[in-house]
Amino acid sequence: MKNRSLRSLLYIPGHVEALVPKAARTEADVIILDLEDAVPQSEKENGRQRLRGATTVLRNKGKSVAVRINNDDALLEDDLSAATAAGIDYLILPKVENREFIQKVADFVHAKGCDDVSLIGLIESPVGLLNAPMIAAAQERLIALNLGTEDFCLEMGMEPEWGGLLYPSQQIVTAARAAGKIPLGYAGSIAQYHDIPAFSTTVERSAKLGFEGGFAIHPSQVSPLNTAFTPSKNAVAQAQRIVAAYEKSLAEGLGAVSLDNKMIDLPIVEKARRVLEAGSRFSDRFA
């Protein structure tokens, strides 16, 4: 299994063939062929049958491909069979509330010999949030955890706004980090594509919480996600200065060092190294 870039994951309905080439032209890191909420019951099988062809088109354009399946025993096996046969990179698991669902999917994927398929879990209920630490640690194949804010807020009886979502978002980041997984999401509504400045503000603030990427339902949301979850040129330059100053200090037999009238110690240096690591994946931005 490979950890690829997950800054921006764009949903498109799996049964709408015309949207595939349009999605392929976006800058989204991952295109999600949805079999769940975006697909009416009468079109589920149509969506499954289109997965292989859509995956081929997207792969030819250099895209990573995911499928969001249904968390429904009546649909699960058919969804998984079609998705694994299509040769995708990720399975998006909705409405995860326990480790059993994660393990069931992982066992199916293993039985199909799809060792390169990774799982991303969506926490979309109060029960799921309370069980997030257990879910995050449930399976090695699970590489990331996301807070599905629309469904979560519906069950909580609250609005998908920063104030109410700040604490749940921090819980997701904590659970993911504790298990060595990637935290995905933002403390706001995915439906906010009609107001891109407001959406951009939400994802930029959310990046500071520790999230590494997020989901989109409209191409206009992709650029704000990529910008928010990619280190800026200035951030990379400052990280380089921090690491260089610290390594110079160590070479001189010292520990912490002052830079720009601020004390630079190991946690700050490790954070700078993470910025450099993230920046190296998108080095074309700094050429």
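Values in this text are rule-based calculations from the coordinates and carry no lab data. A quick note: this is a predicted structure, and the numbers were derived from the prediction, not measured. Here Cβ is always computed from backbone atoms with ideal geometry, including for glycine, and neighbour counts include all displayed protein chains.
Just want the ordering: T26, T227, from fewest to most Cβ atoms lying within 10 Å of their own Cβ.
Ascending Cβ contact count within 10 Å gives the list T227, T26.
Rounded to whole Å and sorted largest first, what semi-axes of the equivalent ellipsoid does the C-alpha gyration tensor of the stretch 195-247 yield via the square root of 5 times each eigenvalue?
Over the Cα atoms of the stretch 195-247, the ellipsoid semi-axes are 27, 10, 9 Å.
Sort I196, I217 so that the residue with the fewest other Cβ atoms within 10 Å of its own Cβ comes first and the one with the most comes last.
With the sparsest Cβ surroundings first, the list reads I196, I217.
Would you please give the residues with an amide H less than 5 Å from that of S64, counting only those at least 5 places away or on a separate chain, with H modeled from the backbone geometry?
The list, which skips near neighbours in sequence, is I31.
Note the angle between two axes, namely the Cα long axis of helix 266-280 and the longest principal axis of the Cα atoms of the chain, as a number of degrees from 0 to 90, rounded to the nearest 10.
It is inclined by approximately 50 degrees.
Can you give the % of DSSP beta bridges in the chain that are antiparallel, to the nearest 5?
Around 10 percent of the beta bridges assigned by DSSP in the chain are antiparallel ones.
Could you grab the relative contact order for the chain? Cα pairs under 8 Å, six or more apart, rounded to a whole percent.
On the way: 515 pairs, mean separation 43.0, N = 287.
Reported as a whole number, the value is 15 percent.
Each residue of the stretch 5-18 in order: what ³J(HN,Hα) in whole Hz does its phi give by Karplus 6.51 cos²θ - 1.76 cosθ + 1.60, θ = phi - 60°, with x for Gly and Pro?
Couplings: 5, 10, 5, 9, 10, 9, 7, 9, x, x, 9, 9, 4, 5 Hz.
Which value at 222 nm does the chain reach when only helices count, each DSSP H run of 4 or more adding -39,500 (n - 2.57), with the total divided by all residues and rounded to the nearest 500 deg cm²/dmol?
The helix contribution divided over the chain gives -14500 deg cm²/dmol.
Report D for the stretch 1-111 in µm² per second (integer): Stokes-Einstein, Kirkwood Rh on Cα pairs, 37 °C, 0.692 mPa s.
235
Mind scanning K44/K233; K44/K112; K233/K262; K63/K104; K112/K181; K61/K95 and naming the pairs with a C-alpha gap bigger than 32 Å?
On the way: K44/K233 44 Å; K44/K112 22 Å; K233/K262 21 Å; K63/K104 27 Å; K112/K181 24 Å; K61/K95 30 Å.
Over 32 Å apart, Cα to Cα: K44/K233.
Given H placed 1.01 Å from N in the peptide plane, which residues other than close sequence neighbours of I264 have an amide H under 5 Å from its amide H?
Placed amide hydrogens put V257, S258, L259 under 5 Å from I264.
For the stretch 8-228, what percent of Cα pairs sit more than 23 Å apart?
43
Taking trypsin sites (Lys or Arg not before Pro) that fall in a DSSP loop and have at most 16 other Cβ atoms within 10 Å as cut points, what is the longest piece of the chain between them?
On the way: sites that count: K2, R4, R25, K61, K112, K208, R281.
So the longest stretch without any such site is 113-207.
Can you compute 3J(HN,Hα) from phi for each residue in the stretch 101-117, using the Karplus curve 6.51 cos²θ - 1.76 cosθ + 1.60 with θ = phi - 60°, rounded to whole Hz and x for Gly and Pro?
Those phi angles translate into 5, 4, 5, 4, 5, 4, 5, 5, 4, 5, 5, 7, x, 8, 5, 8, 8 Hz.
Of the GluC sites (Glu not before Pro) in the stretch 185-282, which ones lie in a loop per DSSP and count no more than 14 other C-beta atoms within 10 Å?
Details: sites: E204, E212, E247, E252, E270, E277; in loops: E212, E252.
Loop-located and lightly packed - E252.
For the stretch 151-167, in order, what is each residue's ³J(HN,Hα) by Karplus, 6.51 cos²θ - 1.76 cosθ + 1.60 with θ = phi - 60°, in whole Hz (x at glycine and Pro)?
Rounded to whole hertz, the list is 5, 4, 5, 4, 6, 7, x, 10, 8, x, 10, 3, x, x, 9, 4, 5.
Among L122, L130, what is the fewest-to-most ranking by other Cβ atoms within 10 Å?
L130, L122
So what's the stretch 143-287 giving for Rg/Rh, alpha carbon basis, Kirkwood Rh from the mean inverse pair distance?
On the Cα set of the stretch 143-287, Rg over Rh gives 1.05.
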